[in-house]
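Throughout, read-outs are computed from the coordinates displayed, never taken from laboratory work. Fair warning: this is a prediction, and the values are worked out from it, not measured in the lab. Every residue, glycine as well, gets a Cβ built from its backbone with ideal geometry; the counts of neighbours run over all protein chains shown.
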Amino acid sequence: MELKYTRKNVYKEADGKELEKIYKFAEGYKTFLDSSKTERDASETARKLAEANGFKPFSFSEKLKAGDKRYFVNRGKNIFLVKVGKKDVAKDGIRIMVAHVDSPRLDLKPNPVFEDAGLCYLKTHYYGGIKKYQWTSIPLALHGVVMLRGGKKKEICVGEDENDPIFYITDLLPHLSQEQSQKPLAKAIEGESLNAVIGGLPSVGEEKDEESVKTAVLNLLNKKYGITEVDFQCSELCFVPAGKARDVGFDGALISAYGHDDKVCAYPEMQAIFDSDSDRTVVAVFADKEEVGSNGTTGMQSKVISDVIETIANSFGANPIEVRYNSKCISADVTAGYDPAYSSAFEKRNTTFISCGAAVSKYTGARGKSNSSDASAEYMGFIRDIFEDNGVIWQTGELGAIDMGGGGTVAMYIANLGIDTVDVGVPVLSMHAPYELISKADVYSLYKACLAFCK
Ligand code: MN
Ligand code: MN
């Protein structure tokens, strides 16, 4: 018995074999990340991987049986993976893991195209909590879909292939930034100035056209995708940081990438449902719209998760209410890891640390635990037991010091259904920045935590 608690570092505890597993798991994660920048991309990647792992399309009118593996893609932006076990679903409930696959980014406005001073731009409207100054002068890629008249859908992805062009938002040169530098950080770059350059070549022979660059760009888009300017009004397009996930440090212990929040939890929970040989019924969810409040058809406040649970319950003649009340959930989302460069934002005794394992947050929220689903002592005890019984290195912490700000996750929406839920995730540095930082040790710890939870 250890009388005093000490946080463990996963890398320090790992032997050579474990270290190999950690690094190998990270390779799979990076590949997943590179094809999963938006919720649409991530849902499609997960669908393909689910197919490869023997999962078949789900139907709300199907009678499921033990051994069935199903996926339900909700409007292309949110996916449910269902693995039906032998155990009595009424008595044992369902083990549910929910991560979100939307990340902060720059969406396009409905009428985004304009020309000014010889350049053609797209106007953006930021999605989620961003620091606006971080999005200037970095390479951007454009992802999403455009609906043409008559229901035809065009998928667009430009800026990821090394032969693709990228897109670019300008910043003011330091020489002329005397005024800008005096502004508070949040005001230095305004939302309305986040316009991305998408062209600079005027169309030939149309010298009288005051918007000849815009005309030329629209021509290019029309040739390539068949779209006209009005089609942007029926589109979901966004700019995300271009480029791939990269190892960080001489030892490659860390990974920098766009959208660790929350693909760094989505990937381990998905891999866990694929790899688990549990007798239980397990559901893994990739949610959308978490960064903007979880509303709408693809967010976790929608009824869809209840419908999936009900379909499983009905398959076995079980009472869906009983199934829900006996179910348990891990809300798999990231938390803020301690950053020595900004130590005053954290309370060191109650913060998670990079490389110290799966991060359990009993509650999130802001100020006096406002808007938090506070997991019960009983449920925390349950989680601790299954993690420790299965050799999972884990830690616990709050998101920053009291009254520094705060944040929420989907935990409360699942808990509101009468399902015990706690946040378990990965500590992130520079969260919500275009390129975030995580430790390979923590992604792997979360995978082990999810496997233990399914068991
Ligand atoms: Mn998140
Ligand atoms: Mn977030």
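Some points to look at:
- Per-q log10 I(q)/I(0), the stretch 367-455, q = 0.13 Å⁻¹ (Debye; single scatterer per alpha-carbon; no solvent): -0.51
- Phi-derived couplings, Karplus 6.51 cos²θ - 1.76 cosθ + 1.60 at θ = phi - 60°, listed residue by residue for the stretch 158-169: 10, x, 9, 6, 5, 8, 6, x, 10, 10, 8, 10 Hz, with x used for Gly and Pro.
- Value of relative contact order over the stretch 91-183, rounded to a whole percent, pairs C-alpha under 8 Å and six or more apart: 18
- Projecting the alpha carbon convex hull of the chain along each direction and taking the average yields 24.9 nm².
- Taking GluC sites (Glu not before Pro) in DSSP loop conformation with at most 10 other Cβ atoms inside 10 Å as exposed sites, the chain has its longest uninterrupted site-free stretch at 211-455.
- Antiparallel %, DSSP beta bridges [both residues in the chain], to 5: 70
- Rg and Dmax, both from the Cα atoms of the stretch 17-79 and both in Å, are 14.6, 46.
- Among the trypsin sites (Lys or Arg not before Pro) in the stretch 366-440, those located in a DSSP loop and surrounded by at most 15 other Cβ atoms within 10 Å of their own Cβ are ARG367, LYS369.
- Loop-located chymotrypsin sites (Phe, Trp or Tyr not before Pro) in the stretch 209-255, at most 12 other Cβ atoms within 10 Å (DSSP): PHE250
- C-alpha center-to-center spacing [the stretch 336-368, the stretch 11-57] in angstrom: 25
- In the stretch 265-345, inverting the average of 1/r over every pair of distinct C-alpha atoms gives 15.3 Å as the Kirkwood radius.
- Reciprocal mean inverse distance between Cα atoms of the stretch 189-233 - Kirkwood radius, Å: 11.9
- Range of Cα positions in the stretch 137-253 per principal axis (Å), largest first: 48, 41, 25
- For the stretch 206-254 versus the stretch 266-299, the gap between their alpha-carbon centres in whole angstrom: 30
- Taking max minus min of the alpha-carbon positions on each principal axis, the stretch 15-149 gives extents of 67, 51, 26 Å, largest first.
- Calculated P(r) of the stretch 259-400 - Cα pairs past 22 Å, %: 50
- Other residues with beta-carbon under 13 Å from the beta-carbon of GLU115 carry, at +1 per Lys or Arg and -1 per Asp or Glu, a net charge of -4.
- The stretch 75-137: equivalent-ellipsoid semi-axes (sqrt of 5 x gyration tensor eigenvalues, Cα, Å): 45, 13, 8
- For the chain: relative contact order, % (alpha-carbon pairs under 8 angstrom, 6 or more apart): 22
- Global dimensions of the stretch 184-320 from alpha-carbon coordinates: Rg and Dmax equal 23.4, 73 Å.
- Neighbour cut-off at most 11 other Cβ (10 Å), DSSP loop, trypsin sites (Lys or Arg not before Pro), the stretch 190-273: LYS208
- From largest to smallest, the equivalent ellipsoid semi-axes obtained for the stretch 321-389 from the alpha-carbon gyration tensor read 26, 16, 10 Å.
- Evaluating 6.51 cos²θ - 1.76 cosθ + 1.60 at θ = phi - 60° for every residue in the stretch 85-91, the Karplus couplings come out as x, 7, 5, 5, 5, 6, 7 Hz, glycine and proline recorded as x.
- Separation of alpha-carbon centers, the stretch 149-176 and the stretch 435-455, rounded to whole Å: 32
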